[in-house]
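One structure below.
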Amino acid sequence: MTLTLTVPPRTDADRLTGLPVAVIGAGPVGLAAAAHLLERGLPVVVYEAGPTVGTSVRAWGHTRLFSPWQYVIDPAAQRLLEATGWEAPRASSLPTGQDLVDTYLAPLAATPQLAPVIQYGTRVEAVSRQGMDRTRSTGRADTPLLLRLHTADGAHDVTARAVVDTSGTYTSPNPLTAAGLAPAADLGDRVVHALPDVLGADRAKLAGKRVLVVGAGHSAANTLIKLASLAKTAPGTEVLWAVRNAGTARLGADAADGLAARGQLGSTVHGLVESGQVQQIASLEIDDVRPDGDQVTVTGRRAGEPFAVTIDVIVNATGFRPDLDMLREIRLGLDDIVEAPRALAPLIDPNLHSCGSVPPHGVAELAHPEPNFFIAGMKSYGRAPTFLLLTGYEQVRSIAAELAGDHTGARQLELVLPETGVCSTNIGGSSCCATPAATATPATPATDEAACCTPPEAAADSTSCCTN
């Protein structure tokens, strides 16, 4: 007896038909990704672990960006908003994180196009391929991507034709030790996250205390400025600042900068050191931090010599790193040092330069060995400390064009960024890495700095990281 197959076999490519692009994270870059994908006619679903839009931004909502509104609104997102009658805020004004949520992200998430596709309280625990782990190659590109979701109802799996991970890094701070390891002991509430609300909700934790801020970037500077202000009204408040290197290249005094508030940061914080309001402990490599009664003792080496200091509270402003555990079954092409995509890493590696100058980049620089998988936004920068929202918006514009089949448009980068200030290079000393702000091409360097904080002269509070 002969059996005849009368139904044509389904091709692997058919398995992707009708599936959405999954975006992880409903922060500024995640919502921009969704806006660009929808504008291209692609179905999309956004998974947000928090209960609302911009969960991480709300965590530092008390701080003010040093990027004005003109640099924090995505063009595709703005087109969605304007169709509802929304009016953009004054381009030159500086929003707080909460302003960013209330005036921009929340209305954007509520648009008729985005509201139905955002799933809150949905954490992506893992990403893989349907029916295959990272070792299997046959038919991989035509097999749906698989996301394991965790919600209040438990865990379940969904499929997607592509995944854009914009989950950010704010919830993954670097450890305090110079070795990159967590302190051996549990320090409890003696250590607080970067960008605490020094003059507001966290005042009681810090007032009258001996506080050590660890880190050499804009988050640290922002906190130091606020702590110095707190010390004027809270007797007994003592402010110490630990940095691993002999200097703070990203906080150069009097640096010329296209973002005036960012340029003032270095001058302000160095002025606090010179006046004695902040005690800087330079060239400190922290080996461990251990409880010492109600305090903690930091031990390490300062300029090669043993050093210890006992304090009440530590502010961990050492930067952030990407959470890669969820991507173990994905074939990632990450730089061994920075943990950013390999083509992007040399442009942002802090070992090579400390300023924000980096050529604009898109899908070509963000591609991984895993087809149709991309990391965008803050997380795409790995452990590098420099990032600007405009860069993330251009990343997802390029990715959306690529997924829509517009390969030429995906590689025509469209980015205008403000000039950076003075920075250091791997050669040593200082150099101006800035280039004129102009429509960028792959060969034209442009500033890409953390969307950061303003000193007191420009605003009452400020921030150094726009995370998703």
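The values are calculated or read from the model by the stated rules, or taken from the named source; none is laboratory data. Computed from a prediction, not measured in an experiment: that's the story for all the values here. FYI the Cβ positions are ideal-geometry reconstructions off the backbone, even for glycines, and counts take in every protein chain you see. Side chains included, ligands, DNA and RNA excluded: accessible areas come from the protein's heavy atoms. Shrake-Rupley method; radii C 1.70, N 1.55, O 1.52, S 1.80 Å.
Key figures for this structure:
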read-out: Candidate set: the range 107-132, residues that are in a helix (DSSP H, G or I) and of a type outside the set (Val, Ile, Thr); chosen: the one surrounded by the most Cβ atoms within 10 Å (Cβ to Cβ); value: 108
read-out: Looking only at the range 220-249, and only at residues there that are closer than 14 Å to residue 278 by Cα and among the polar types (S, T, N, Q), the one that is surrounded by the fewest Cβ atoms within 10 Å (Cβ to Cβ); value: 229
read-out: Selection within the range 327-351 - closer than 23 Å to residue 133 by Cβ, part of a loop (DSSP other than H, G, I, E, B) and touching a residue at least 60 places away in the same chain (Cβ under 8 Å); value: 328, 329, 330, 331
read-out: Residue in the range 45-67 that is outside any loop (DSSP other than H, G, I, E, B), farther than 30 Å from residue 19 by Cβ and among the hydroxyl-bearing types (Ser, Thr, Tyr) present; value: no
read-out: Any chance residue 38 is open to solvent by 20 Å² or more (accessible area, probe 1.4 Å), closer than 25 Å to residue 156 by Cβ, in contact (Cβ under 8 Å) with a residue 40 or more places away in the chain and assigned to a helix (DSSP H, G or I); value: yes
read-out: Residues satisfying the stated conditions in the range 362-381, i.e. assigned to a loop (DSSP other than H, G, I, E, B) and surrounded by fewer than 24 Cβ atoms within 10 Å (Cβ to Cβ); value: 368, 369, 370, 371, 372
read-out: Failed item, numbered, when residue 29 is tested on (1) closer than 23 Å to residue 409 by Cα; (2) touching a Pro at 6+ places or on another chain (Cβ under 7 Å); (3) crowded, with 24+ Cβ neighbours inside 10 Å; value: (2)
read-out: Verdict on residue 65 being under 22 Å from residue 158 (Cα atoms) and crowded, with 18+ Cβ neighbours inside 10 Å; value: no
read-out: Residue tally, condition closer than 15 Å to residue 228 by Cα, open to solvent by 20 Å² or more (accessible area, probe 1.4 Å) and in a loop (DSSP other than H, G, I, E, B), over the range 179-212; value: 7
read-out: Close pairs (6 angstrom Cβ cut-off, 6 or more residues apart or separate chains): modelled with pLDDT of 95 or more and among the acidic types (Asp, Glu) in the range 121-136, in a loop (DSSP other than H, G, I, E, B) and surrounded by 13 or more Cβ atoms within 10 Å (Cβ to Cβ) anywhere; value: 133/329
